[in-house]
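Please read the structure below before turning to the comments.
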Amino acid sequence: MPPKSASQDPSTYDAEPLARALRASDDEQLLELFRLRPDLATPPPTDAAVLARRAMARASVARACEDLDSFTLTVLEALVLLDADEHEVPVERLSGFLGQDVTERQAASRVGVLRARALVWGGDGSIRMVPTVRETTRAHPGGLGTPAAELSEQRAHELLGELDDEERRVVDKLAGASPLGRTGEVRRDAERGQRPTPIQRLLDRGLLLRRDEETVELPRQLGLAARGPERPMGEVETAEPTLELTEHGQERIDGAAAGELLELNRHVELLLDSWGQDPPDVLRSGGIAVRDIRRTGKELNITENRAALLAELVVAAGLVDTSGEEDPQWAPTVRADTWLASSPEQRWAALAASWLDLPRLPGLVGARDERGRLLGPLSEGLRRPNAAGERRRVLELVDEQPSGYGVRRDADVAAVLAWRAPRRGGALRDETVRWTLSEGITLGVVAAGGLSSGGRALLAGDENAAAEMMGRAIPEPVDHVLVQADLTIVAPGRLEPELAREMDLVADVESAGSATVYRIGEASVRRALDAGRSSEQLHELFRTRSRTPVPQGLSYLIDDTARRHGRLRAGTASSFLRCEDPVVITEVLGRSDLGGLALRRIAPTVLISPLPLEELVDELRAAGYAPVAEGSDGGVLDLRPSARRIRGRGRYGGQPGDPTGPGHPSEQQLAERVRTLRAGDQAANVRGNKLAPEKGRPSANATLELLREAARQGHSVWLGFVDTQGGSTQRIVQPVSVGSGVLQGFDSSRDELGNFPLHRITSVAVVEG
């Protein structure tokens, strides 16, 4: 039995049998075919013959097989082994070849899946397969080897019974998942003159096929004989693996997700503040330097991986973009201010929706590409066009589980997706599952192995509903804090925005979570004083907002810091320095390490400097003093640089992507293409199959004359027509009248009277009866 060739030119295959099957399909079946294989609908096929040739193209068949599950692919491989591309195969025969554990009903259901995709055709009793399917299946369909010439199935069973135990074990092993075996030891044993191994004995008897010096292959006939009539295709997985679930309750899942939401918002806010003050540079190759990500992670007290994910998120959401300069930087955009002013749930929705449609894999950060180059955050090497689709596949599987239940293991999710589409995902398939679930937890889309309520709504495409659901899960903000004796401040929940701003100003976050712990010290108190707060205002803040007594140590800290704060007053002269105590002025003027300030006394309590005010204040603070900046009105100036903002380009890639991908026709367009197909078939199948088209685009006079004559004679015409959207269609029309630049006629494909402007007609032919 010689092996089938996999190199035949697809254009030589006879497409007419498949074309006949397509013509016999109803409109809904053709619509479903276009939905399942959208590449067949673009450009619109003119008739069933064109559609059949397109459906048999090798690349199109390969794409159609990408969404087939493991069982359906096994059925397809069984049809290849049964030579269904050369002759009809009864479904009963197919079911028997799949093994005793597969019922005829199960086999027929998978045949229906293949028929809907035009990979097979035929009635319920027997089927034929598209020839190019053979070229897109794996090298050894069903895990069986190439047929050996002049070896019958009966002889294979006889030879199997003659094998000794060692030889039988080799055959049984090669009759499993792969018929190939390695034979490195065989050659070395033969060179040493040692006793032949079982593989060598099988080779000598012609029961193994030599492929190269290191590889042998078990013939198909012997593999089938070893498997037996009960399982010719081996173990067939007719159902997907079962997910092991744990019940948590939806309220608990939403609560955990809400906690992650608040932490995500806090970190993004800190990142925007950091990059607004000191934007990182854009690398020449794109992306951001590792040192900048490390710096960001250190400032935010998070891991580098989380910092890299945050960088991808803020760029995806349009909160950060590259500045249009000669030396570009990653800077916050004006959209960041809108985000900062939004509610927590709206902030989350913007970030989560951008992540869901992100055509990149942040999990690849730190890996190396095919050239050995390190992949960094925001680099072009992270782009994967199918990333958003694969991310949705993972989340949709989790979404299928009952509300309140979570998947126990990530590996189970990967196993189910691998069964559902073994040909999708590539080498990163299982890693993508792990990355998606991990990132989903960070985003508050996933918690405890299940989808949050907001995550489910987001996956359904309703961003507003998602934000509303997460808003209900977020605990109400609290209006108080708990000041401890060790100068830590505990926020027992999410603080009101105004109180949160004051706490961020006067204290540093020591740990975050459901309860945030702040640490207050001299530096943080001085930061608040620098921003214009007085010691009285700070005392009032803690007196009114703390539910615990304010410790005496905190009061002393505030008073002591305030007493030394602002004794020196800096202004512009370019800048000046004044102090009510002339001793302090003399001390500053006499310090040799401050000679660079070029200070000059103009009064017992006033010095001036040519340096800008900001530099003067920074140098004095570095020397151990605590000056404040003074404005022209004597008030305190906040010298902290304002956050940088650029215009930006909006959300990454525009608006959230269409899950079906760009370029896919709409339902209305698909229906129109079915009508065009029917019109082409009707024109090709009229009595005698005679058409009388003009060559090229018809002239106006010729078109008028031909249409008027067809109307007088009662003949139908075939029109090549451009619709209002610019799409080319074909119609069979019974002309009623021609005038004022318009053909009015009965459109047989639509079963209605229509108007066809003459200037949109590209070709015309009379359908002769």
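The values are calculated or read from the model by the stated rules, or taken from the named source; none is laboratory data. Since the structure is predicted, the reported quantities are computational estimates derived from the model, not experimental observations. Glycine also receives a Cβ, built like all others from the backbone with ideal geometry; neighbour counts cover every protein chain displayed.
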_Against the conditions (1) of a type outside the set (Gly, Ala, Ser); (2) surrounded by fewer than 21 Cβ atoms within 10 Å (Cβ to Cβ); (3) modelled with pLDDT of 80 or more, where does HIS715 fall short? Just the number, please._
(3)
*Residue that is part of a helix (DSSP H, G or I), under 25 Å from the mean Cα position of the chain (by Cα) and either closer than 24 Å to ALA78 by Cβ or modelled with pLDDT of 90 or more (or both), where the choices are GLY255, GLY259*: GLY259
*Can you tell me which residues in segment 161-175 are closer than 15 Å to GLN200 by Cβ, among the acidic types (Asp, Glu) and part of a loop (DSSP other than H, G, I, E, B)?*
ASP164
*Give segment 1-33 a look and list any residue that's in a loop (DSSP other than H, G, I, E, B) and either small (Gly, Ala, Ser) or modelled with pLDDT of 80 or more (or both), or say none.*
SER5, ALA6, SER7, ASP14, ALA15, SER25, ASP26
*Of all helices (runs of 4 or more DSSP H) completely enclosed by segment 486-604, which ones contain at least 3 residues that are touching a residue at least 60 places away in the same chain (Cβ under 8 Å) and within 20 Å of VAL617 (Cα to Cα)?*
522-530
*Please find, among LEU743, LEU704, the residue that is part of a strand (DSSP E or B) and either touching a strand residue (DSSP E or B) at 6+ places or on another chain (Cβ under 9 Å) or modelled with pLDDT of 80 or more (or both).*
LEU743
*Would you check which residues across segment 358-373 are of a type in the set (D, E, K, R) and surrounded by 21 or more Cβ atoms within 10 Å (Cβ to Cβ) and list them?*
ARG360
*Is at least one residue of segment 265-272 out of contact with any helix residue (DSSP H, G or I) (no Cβ under 6 Å at 6 or more places or on another chain), modelled with pLDDT under 95 and within 30 Å of MET469 (Cα to Cα)?*
yes
_Exclusive hit being surrounded by 20 or more Cβ atoms within 10 Å (Cβ to Cβ), of a type outside the set (Phe, Trp, Tyr) and free of Cβ contacts under 8 Å to residues at least 40 places away in the same chain, set VAL111, VAL130, VAL120, VAL171_ = VAL111
*Subset of segment 111-157 [outside any loop (DSSP other than H, G, I, E, B) and touching a strand residue (DSSP E or B) at 6+ places or on another chain (Cβ under 7 Å)]*: VAL111, LEU114, ARG115, VAL120, TRP121, SER126, ILE127, ARG128, MET129
*Restricting to segment 72-106, what's the tally of residues that are within 19 Å of ARG420 (Cα to Cα), surrounded by fewer than 22 Cβ atoms within 10 Å (Cβ to Cβ) and touching a Phe, Trp or Tyr at 6+ places or on another chain (Cβ under 9 Å)?*
1
*asked:* Considering only residues that are in a loop (DSSP other than H, G, I, E, B) and over 14 Å from GLU240 (Cβ atoms), which ones fall in segment 382-420?
replied: ARG384, PRO385, ASN386, PRO402, SER403, GLY404, ARG408, ARG409
*asked:* Take ARG187 and tell me if it is at pLDDT below 85, assigned to a loop (DSSP other than H, G, I, E, B) and touching an Asp or Glu at 6+ places or on another chain (Cβ under 8 Å).
replied: no
*Of the residues that sit in segment 293-352 and are without any contact (Cβ under 8 Å) to a residue 12 or more places away in the chain, closer than 30 Å to ASN464 by Cβ and not in a helix (DSSP H, G or I), which one is nearest to the chain's Cα centre (by Cα)?*
SER342
*Does segment 394-412 hold any residues that are touching a Leu at 6+ places or on another chain (Cβ under 6 Å) and surrounded by 17 or more Cβ atoms within 10 Å (Cβ to Cβ), and which are they?*
LEU395, VAL398, TYR405, VAL407, ASP410, ASP412
_All but one of (1) surrounded by 18 or more Cβ atoms within 10 Å (Cβ to Cβ); (2) under 25 Å from the mean Cα position of the chain (by Cα); (3) modelled with pLDDT under 95 hold for GLY286; state the number of the condition that does not hold._
(1)
*Since MET233 meets every condition but one in (1) touching a residue at least 24 places away in the same chain (Cβ under 8 Å); (2) outside the structural domain of ASN301 (by TED's automatic domain parsing); (3) touching a strand residue (DSSP E or B) at 6+ places or on another chain (Cβ under 7 Å), which condition does it not meet?*
(3)
*Taking ALA457 as the residue in question, decide whether it is assigned to a helix (DSSP H, G or I), closer than 27 Å to VAL416 by Cα and among the hydrophobic types (A, V, I, L, M, F, W, C).*
yes
*In the set VAL236, VAL268, VAL315, VAL320, which member is β-branched (Val, Ile, Thr) and touching a Gly at 6+ places or on another chain (Cβ under 7 Å)?*
VAL236
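Picking from SER534, SER511, which residue would you name as being surrounded by fewer than 21 Cβ atoms within 10 Å (Cβ to Cβ), in contact with a helix residue (DSSP H, G or I) (Cβ under 8 Å, 6 or more places away or on another chain) and farther than 30 Å from ASP357 by Cβ?
From the options SER534, SER511, the qualifying one is SER534.
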*Mind telling me which of the residues GLY444, GLY493 ends up being buried (at least 22 other Cβ atoms within 10 Å of the Cβ) and on the phi > 0 side of the Ramachandran plot?*
GLY444
*in the same structural domain as PRO492 (by TED's automatic domain parsing), at negative phi and surrounded by fewer than 15 Cβ atoms within 10 Å (Cβ to Cβ): does that describe PRO582?*
no
*Considering ARG284, ARG211, which residue is among the basic types (Lys, Arg) and either in a loop (DSSP other than H, G, I, E, B) or touching a Lys or Arg at 6+ places or on another chain (Cβ under 7 Å) (or both)?*
ARG284
*Write out, first by first residue and then by second, each pair whose Cβ atoms fall under 7 Å of each other, whose residues are 6+ apart or on separate chains, and whose first residue, in segment 142-159, is free of Cβ contacts under 8 Å to residues at least 12 places away in the same chain and in the same structural domain as LEU174 (by TED's automatic domain parsing) while the second is small (Gly, Ala, Ser) and surrounded by 19 or more Cβ atoms within 10 Å (Cβ to Cβ).*
none
_Suppose we keep only residues that are without any contact (Cβ under 8 Å) to a residue 40 or more places away in the chain and part of a helix (DSSP H, G or I) within segment 67-95. Which one would you say is nearest to ARG53 (Cα to Cα)?_
VAL75
*Look at VAL236 and say whether it is surrounded by 16 or more Cβ atoms within 10 Å (Cβ to Cβ), under 24 Å from SER438 (Cβ atoms) and at pLDDT below 95.*
no
_Return the residues of segment 413-441 that are free of Cβ contacts under 8 Å to residues at least 24 places away in the same chain and surrounded by fewer than 18 Cβ atoms within 10 Å (Cβ to Cβ); say none if nothing qualifies._
GLY426, ALA427, ASP430
